[in-house]
1. Out of curiosity, is Asp267 over 13 Å from the mean Cα position of the chain (by Cα), closer than 29 Å to Pro172 by Cα and either among the acidic types (Asp, Glu) or open to solvent by less than 30 Å² (accessible area, probe 1.4 Å) (or both)?
2. Please count how many residues of the stretch 300-322 are more than 14 Å from Lys359 (Cα to Cα), at pLDDT 95 or above and charged (D, E, K, R).
3. Consider the stretch 114-142. How many of its residues are touching a strand residue (DSSP E or B) at 6+ places or on another chain (Cβ under 7 Å) and either outside any helix (DSSP H, G or I) or basic (Lys, Arg) (or both)?
4. On the basis of being modelled with pLDDT under 95 and over 30 Å from Asp29 (Cα atoms), does Arg124 make the cut?
5. What tally of residues in the stretch 139-167 results from selecting those that are open to solvent by less than 20 Å² (accessible area, probe 1.4 Å) and within 16 Å of the chain's Cα centre (by Cα)?
6. Determine whether the stretch 224-245 contains at least one residue that is out of contact with any Gly (no Cβ under 9 Å at 6 or more places or on another chain), small (Gly, Ala, Ser) and closer than 30 Å to Ile363 by Cβ.
7. Do you know which residues across the stretch 11-41 are over 21 Å from Cys263 (Cβ atoms) and either within 20 Å of the chain's Cα centre (by Cα) or part of a strand (DSSP E or B) (or both)?
8. Would it be correct to say that Lys360 is among the charged types (D, E, K, R), outside any strand (DSSP E or B) and either farther than 23 Å from Leu231 by Cα or open to solvent by 70 Å² or more (accessible area, probe 1.4 Å) (or both)?
Amino acid sequence: MFANTEASKNATLEDDIKLMVEWLAHELDALQGKNILFTGGAGFLGYEFIHLLTSIGAHDGRAPVNLTIYDNFSRGRKEWLVSIAKKENIELVDHDISKQLPDNCPRFDYIIHAASIASPTYYRLNPIETIDANVNGLRYLLEYAKRRFLAKDPILGMLFFSTSEIYGDPSPDSIPTPETYRGNVSCTGPRACYDESKRLGETLCVNFSQKFNVPVKIVRPFNNYGPGLELNDGRLLPDLFTNVLENRDIELLSDGKATRTFCYISDAITGYVKALVGGKRGEPYNIGSDKPEISILDLAHSVMKIAKKLTEYNGEVIFKKSDDPAYLVDNPNRRCPDLQKARCDLNYKAKVSLELGLKKALIWHLDCQS
């Protein structure tokens, strides 16, 4: 089915890392030689983020970081992560972040809390576990940072991954949505375990910041995609790519009228690192792309066109109905971030176009299949 692609998955990753290193010169200087904890390393965000962190000191004259990675491997041990953990200064620990931190954990300078269940498919199947990671796991990390503050040995920075889902379904006059928007969120709906636990997580961060000077920063991702996002994840783009890879029609389980912006993973991680190092303590930051705001139907057609350029794909876009009666419950009509705060505080800007990002993501998936 597939014609030869112009890049391998390794080349795609290497290109992304190269761009991030160029954009993050100041921030990587700050991270060099530091002890960093990354929770949820086996997840989507971990793939390029961890490769970026382990690239520090490889060829750039910086001191390498000492990286500890926690994951409970609930969705299996990733081959790439096991391989990268063989490097010097990297420790991979089988740990469920919803439990107390290990007694022998090292002294950390930076903490990146990305351990969470982010796919609606999976957090609806595991609502309690989702809440535990977003609330209890975060609390253990904040308590660690608090102890360090009280011991007059404060950590240098902490990052909490919240979500754009905390806004719920914003009113039209709040699109693009600023960080000050308070949200239109159900506390009892099928998405509530994720949305509300992230909202409580933000409240914890703000209060630990105010009371104990914990230098925690909050990021609200807007529809990240790209290498590392598995096809069985259950989110929209992996589903569309799966249709392409199986040479089936691209199936939409809605009318396709809802609109979103999508942010390629290297752009997103650039924002996250900038927030970790340079963000204001206790502050939330939207991280994503603010254009184009595209309908799900138009996105599906874009994926179809790119697939036909890269491969022998011959499918079309079709509409079907989900077997899950709650599939579209509480699904927002529009999602688009106001990025003014990130621009001003972090000098953040997404640079990868949607067309290029979709192409890079599909090439990576194609090469994973070969």
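1. So Asp267 does not fit the description; no.
2. Counting residues in the stretch 300-322 that are more than 14 Å from Lys359 (Cα to Cα), at pLDDT 95 or above and charged (D, E, K, R) gives 1.
3. Result for the stretch 114-142: 3.
4. It is true that Arg124 is modelled with pLDDT under 95 and over 30 Å from Asp29 (Cα atoms).
5. Summing the residues that are open to solvent by less than 20 Å² (accessible area, probe 1.4 Å) and within 16 Å of the chain's Cα centre (by Cα) in the stretch 139-167 gives 8.
6. Yes, the stretch 224-245 contains a residue that is out of contact with any Gly (no Cβ under 9 Å at 6 or more places or on another chain), small (Gly, Ala, Ser) and closer than 30 Å to Ile363 by Cβ.
7. Leu31, Asn35, Ile36, Leu37, Thr39
8. So Lys360 fails the test.
The values are calculated or read from the model by the stated rules, or taken from the named source; none is laboratory data. These numbers were taken from a predicted model, which means no experiment stands behind them. Don't worry about glycine lacking a Cβ; one is built from the backbone with ideal geometry, like all the others, and counts go over all protein chains shown. For the accessible areas, the whole protein counts, side chains as well, though only heavy atoms, and no ligand, DNA or RNA atoms are used. Shrake-Rupley method; radii C 1.70, N 1.55, O 1.52, S 1.80 Å.
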